[in-house]
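Structure, as structure tokens:
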Amino acid sequence: MPLNGFTVGRDLSVNIQTPTGSLPLSLITKFTAKPDTTDVKVKGLDGRTRHLIFPDGWSGSFEVERQDSTLDDFFANQEANYYAGLDLTGSTITETITEASGVVSQYQFVGVIFKLDDAGDFAGDATVKQKLSFVAEQRIKL
């Protein structure tokens, strides 16, 4: 639901599909994504510098309030598969945004690999915040 013509966090939903099925994150409190690039400078004999920017995948992160063992179980399984010599294939993230105009935009990150950055701090009178990051080969418009 946009507010006063602006996109807000509530306008976004994400769906994560792994090789073993859906990865339903409990309570996502933050999602970030950014394109990665490789920047190259080419200096001609005429003394002018030309700039090239090559797409180089995407990266981002999720912050999640821990409500169950979903993330812990997923990464425990990934680690077990690694040590068992199994192939760790990529996942997808589908990002759905309700625009201020009411139009729905969808993008999909492909070739996604996840990393658990923080499994959480367990302390009295505090929620457990977990953070995972990702890298992706590409983001395509659906």
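The values are calculated or read from the model by the stated rules, or taken from the named source; none is laboratory data. Here the structure is a predicted model, which is why all the values come from computation and not from measurement. All Cβ positions, even for glycine, are placed from backbone atoms using ideal geometry, and neighbour counts span all protein chains on display.
For the range 1-18, name all the residues that are in contact (Cβ under 8 Å) with a residue 12 or more places away in the chain and either under 16 Å from Leu132 (Cβ atoms) or surrounded by 11 or more Cβ atoms within 10 Å (Cβ to Cβ) (or both).
Pro2, Thr7, Asp11, Leu12, Ser13, Val14, Asn15, Ile16, Gln17, Thr18
Evaluate the following for Thr70: is it more than 19 Å from Val135 (Cα to Cα), of a type in the set (Val, Ile, Thr) and touching a Ser or Thr at 6+ places or on another chain (Cβ under 7 Å)?
Here the answer is yes, as Thr70 does meet what is asked.
Just to be sure before I move on: is Gly85 in a strand (DSSP E or B), at positive phi and not aliphatic (A, V, I, L, M) in the structure I sent?
Answer is no for this residue.
Name the residue, out of Val128, Val64, that is farther than 22 Å from Val8 by Cα and modelled with pLDDT of 95 or more.
Only one candidate qualifies: Val128.
Only one residue in Pro24, Pro35 is assigned to a loop (DSSP other than H, G, I, E, B) and closer than 19 Å to Ser133 by Cβ, so which one is that?
The conditions single out Pro24.
Kindly indicate which of Thr89, Thr96, Thr38 is in contact (Cβ under 8 Å) with a residue 60 or more places away in the chain and more than 27 Å from Val8 (Cα to Cα).
Thr89 is the lone residue from the list that is in contact (Cβ under 8 Å) with a residue 60 or more places away in the chain and more than 27 Å from Val8 (Cα to Cα).
State which residue pairs qualify: first residue without any contact (Cβ under 8 Å) to a residue 40 or more places away in the chain and over 14 Å from Asp117 (Cα atoms) and inside the range 47-76, second residue surrounded by fewer than 14 Cβ atoms within 10 Å (Cβ to Cβ) and of a type in the set (A, V, I, L, M, F, W, C) in any location, beta carbons under 6 Å apart, and separation of 6 or more residues or different chains.
Note: pairs meeting the criteria are Arg50/Val42; Leu52/Val40.
Is at least one residue of the range 82-89 of a type in the set (Gly, Ala, Ser), out of contact with any His (no Cβ under 6 Å at 6 or more places or on another chain) and loosely packed, with under 13 Cβ neighbours inside 10 Å?
yes
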